[in-house]
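Chemist: What follows is a structure written as structure tokens; I'll ask about it next.
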Amino acid sequence: MDNEIVVKRYSVGKILGLWALVTLPMFFIRFVLMPFLVPMVSIHPGILYWMLMIVGMIWQFVLSVILLKRELGLLSWENLKKRLWLNHPVHPKTFKVYKLAYLFTVPIILYAFFFESSGLFTFIGEAMNRLFPFMTPKDYADIQNLVSPEFVGDWYLLGIALVSCLFNYLLGEELFFRGILLPQMKGAFGKWDWAMNGVEYPYTSRRIVFYGFLNAKYRSFWPSVIIFYGLACAYVILLLLYFVLSQYKGFMVVTILIGLYFIRHSKQVLNHPQYHPIVAVSPIVEIVLLFFLFLRAFNLFCTMRRSPI
């Protein structure tokens, strides 16, 4: 295919070796380094664990760059695009761009949003913890424990969250497992390359196994990225809707926003110069009101004892 670059397929041994290089440091951080550091440092254990996980994901990014440099030599956009499948989905039969495949991410987002994160399947995790008690996560490994009044006003957490999202959903785990490994796994695992890629993924969940299927079938890096960020956006929308539907002031703010929008786009305002100041001022008011909604939604989030992902 024209959209792929010729690179020697990875053997099973090489795949497992690379997998160990990125997952063993994570296990070391979780089971060795954290228990050692928690009694010795004054940083909140949850924040310390989060930051160390980010360091681990940055290592995944560094390893990915090293591998790409060794395989491609010149890290040009064209080489990276072909090696990592940084293109639109391609139909497996016609080999033409198949943007309709993006729609196939919707059922996975809906499944994860309405079922997996609803708590209906918590019994599976509980059973695994009983079977392997040493794998039971500590309290500091649960990000929902950072949703506490003691962190209200600590805006540096937002910066940590943004860096975490960048390396978790794009430059770290996603780049390594979907970009580096998946395109090279067909030679070792054949048509089940996507399944093995999902099994290898650290902290595998039921939906993650299927992320690789879309990427492998349509030879594109983007479906799984869309699922990750689509799910995150879905929770943000849910949070805003929850706020609006549960707060009387929220109804008023939304009503004012809708009213301002239709007023400044009405013919009477647009066709009469004396009303043009409304057109100029209205967007500013709308931005302020949207910011108000965001702050109230963020405050509501800080009182919710639930992790979105």
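Chemist: Fewest Cβ neighbours within 10 Å first, please rank R70, R178 accordingly.
Modeler: R70, R178
Chemist: Across segment 173-187, in residue order, what do the Karplus-derived ³J(HN,Hα) couplings come to in whole Hz, using 6.51 cos²θ - 1.76 cosθ + 1.60 with θ = phi - 60° and x for Gly and Pro?
Modeler: Whole-Hz 3J(HN,Hα) from phi for segment 173-187: 4, 5, 4, 6, 7, 8, x, 7, 6, 3, x, 10, 9, 5, x.
Chemist: Another question, if that's okay. Efficiency by 1/(1 + (r/R0)^6): what FRET value for L166 and H91, r their Cβ-Cβ distance, R0 = 25 Å, to the nearest 0.05?
Modeler: Between L166 and H91 the formula returns 0.20.
Chemist: Quick one: order C233, C165 by neighbouring beta-carbon count within 10 Å, fewest to most.
Modeler: Lowest to highest Cβ neighbour count: C233, C165.
Chemist: Give me Y156, Y49, Y102, Y229 ranked fewest to most by other Cβ atoms within 10 Å of their Cβ, as a rough exposure proxy.
Modeler: Fewest-to-most ranking of Y156, Y49, Y102, Y229: Y156, Y229, Y102, Y49.
Chemist: So how much slack lies between Y156 and V288, counting 0.36 nm per residue of separation and subtracting their Cα-Cα distance, in nm?
Modeler: Additional length available on full extension: 45.3 nm.
Chemist: Give me the lysines in straight-line cross-link reach of K191: C-alpha distance below 29 Å, same-chain residues under 8 apart excluded.
Modeler: Within reach: K8, K14, K69, K81, K82, K93, K96, K99, K217.
Only the coordinates and a few stated rules stand behind these numbers; no lab work does. The structure displayed is predicted, hence computed values, not measured ones. So basically every Cβ, Gly included, is an ideal-geometry build from the backbone, and we count neighbours across all protein chains shown.
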